[in-house]
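Report on one structure; see the data block that follows.
Readers should treat all values here as calculations from the given coordinates under stated rules, not as data from a laboratory. Owing to the predicted nature of the structure, the values given are computational and were not obtained by experimental measurement. Here the Cβ positions follow ideal geometry from the backbone for every residue, glycine too, while neighbour counts run over all protein chains shown.
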Amino acid sequence: MMRRICQVVLNNERYLANAGDLLLDWALTNGVELPHDCRAGMCGACRVRLVEGRVFGGHEPGDDMIHACQARIVSDIAIVTEEVPDPVALSGRVAGIVRLAPDIAGLTIEVPKPLAFLPGQFCKLSFRGYPARSYSPTYPLERRPDHRLLHFHIRRLAGGKVSSALGRDIGRGHRVRLSGPFGSAFLRRNHRGPMVLVASGTGFAPMWSIAVAAIMERPERELTFIVAARTLQSLYCHSALCRLAPFPNVTIIPVVDEPQSDFPAIRGGLPTDHLPPLSPDIVVYTSGAPAMTESVGRIARAAGARCYADPFVPTTTPAEQARARWAAR
Ligand code: FES
């Protein structure tokens, strides 16, 4: 049976594809370099913007950002990719591990040369003798950055192969292979309108990176930063947030599950309960628990706001572990 031919316009260049082709496979077999990693719709490395036409799968209704590894070409389409730093591989060493909260470690890796990444992107770390995991490099919580040092926030998981070894079998000097950067939930610097950041748990790391870069770029920027944690003790970011508070148009909303009578500034409930009214001129970034990032994305799309999400998908089965670099970030 003859397959229908579709036209694919990628960054203004014209190509042909068979209807039904998986977009990522089509790109790679036609010599088009699309960044990708997990091939499972999880990491976001392969996301491109669909500007015309339809694809089957790989995106939420109403969202024009599609996962090329999940999307099948079903019509003539036009897609665009964004300029991102090329992923590289580096060898580094653990330079320090500190306790940020009872369940969260701060990890510093020393690398031989600076890593080019966009605020909000993530890397894959392979500690010698351990499986790879993905974590987001972030701006230091208290000091100025040193480009030979990369900072990560890691939630300790009970039984987590890597996270539970930090500070025990993985200590200062431990060798680590780093690859990246990956991910599409990075700061879009050309946006001048209001910005909303929503983080839960260690999703704070990429959101903090975006917040700092956004304020350094435009100190008068209107920015709402919702930071959620399960408990007051897990809200490890207060000293960092104090650095943002003096900026005139920054609103910080810390949220924990239970309302705090001793700290009325800390709200109770879900992060989505505290979203400001959204509109098409607002850009939303969110990172952390998938249920939260999905809710934020849904609310943003319903309001016509652009949303970039980095869900931390947990590892639950051995099959998932094979592709589970995304766990426990
Ligand atoms: S390669 Fe498509 S989401 Fe990871």
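Please work out whether the stretch 195-311 counts as rounded, prolate or oblate from its C-alpha gyration tensor, where a ≥ b ≥ c are the square roots of the eigenvalues and a/c under 1.5 means rounded, while otherwise a/b larger than b/c means prolate and anything else oblate?
oblate
Could you please report the charge total around residue 272, scoring K, R as +1 and D, E as -1 over all other residues with beta-carbon less than 15 angstrom from its beta-carbon?
Residues close to residue 272 contribute a combined charge of 0.
On a full-extension model of 0.36 nm per residue, what is the gain between residue 239 and residue 168, subtracting their alpha-carbon distance, rounded to one decimal in nm?
22.9 nm
Compute the label zone of residue 25 within the stretch 51-95: residues whose backbone N is under 15 Å from the point 7 Å along Cα-to-Cβ.
56-58, 68-74
5 Å is the cut-off here: which amide hydrogens, built 1.01 Å from N in the peptide plane, fall below it relative to residue 37, excluding neighbours closer than 5 in sequence?
45, 46
I'd like the orientation of helix 204-217 relative to the chain: the angle between its Cα long axis and the longest Cα principal axis, in ° from 0 to 90, rounded to 10.
That works out to roughly 80 degrees.
Using a 10 Å cut-off around each Cβ, can you sort 82, 222 from fewest to most neighbouring Cβ atoms?
82, 222
Just to check I understand the Karplus step: with θ = phi - 60° and J = 6.51 cos²θ - 1.76 cosθ + 1.60, what whole-Hz values come out for the stretch 121-126, glycine and proline as x?
Result, ordered by residue: 7, 10, 10, 9, 10, 10 Hz.
Once amide H atoms are built 1.01 Å from N in the peptide plane, which residues 5 or more positions from residue 253, or in another chain, come under 5 Å H to H?
The list, which skips near neighbours in sequence, is 225, 226, 227.
Would you calculate the separation in nanometres between label points at residue 110 and residue 291, each defined as 7 Å from the Cα along the Cα-to-beta-carbon direction?
4.3 nm
If Lys and Arg each add +1 and Asp and Glu each add -1, what is the summed charge of the other residues whose beta carbon sits under 14 Å from the beta carbon of residue 146?
Surrounding charge for residue 146 is +2.
Would you mind listing how long the stretch 5-80 runs along its three principal axes, going by Cα atoms, in whole Å with the largest first?
Here the Cα extents, ordered largest to smallest, are 28, 28, 21 Å.
Could you give the nm distance between label points at residue 257 and residue 12, where each point is 7 Å from its Cα heading toward the beta carbon?
So the two model labels end up 5.2 nm from each other.
What is the sum of charges around residue 64, taking Lys and Arg as +1, Asp and Glu as -1, for the other residues whose C-beta is under 14 Å from the C-beta of residue 64?
Net of charged neighbours comes to +2.
Find the centroid of the Cα atoms in the stretch 58-79 and in the stretch 236-309, then give the distance between the two in whole Å.
That distance is 28 Å.
With N set to the number of residues, divide the alpha-carbon radius of gyration of the chain by 2.2 N^0.38 Å and report two decimals.
Compactness ratio reported: 1.01.
Can you tell me how much longer the chain between residue 303 and residue 265 gets when fully stretched, taken as 0.36 nm per residue apart minus their C-alpha distance, in nm with one decimal?
11.0 nm
Cα convex hull of the stretch 92-210: how many Å³ per residue?
Considering the Cα atoms of the stretch 92-210, their hull volume per residue is 111 Å³.
Considering the zone a paramagnetic label at residue 33 would reach in this model (a point 7 Å from Cα along the Cα-to-Cβ line), which residues of the stretch 82-99 have amide N under 17 Å from it?
82-90
Dividing the convex hull volume of the alpha carbon atoms of the stretch 1-160 by its residue count, what do you get in Å³ per residue?
171 Å³
Against the longest alpha carbon principal axis of the chain, how many degrees, from 0 to 90 and to the nearest 10, is the axis of helix 290-302 turned?
60 degrees
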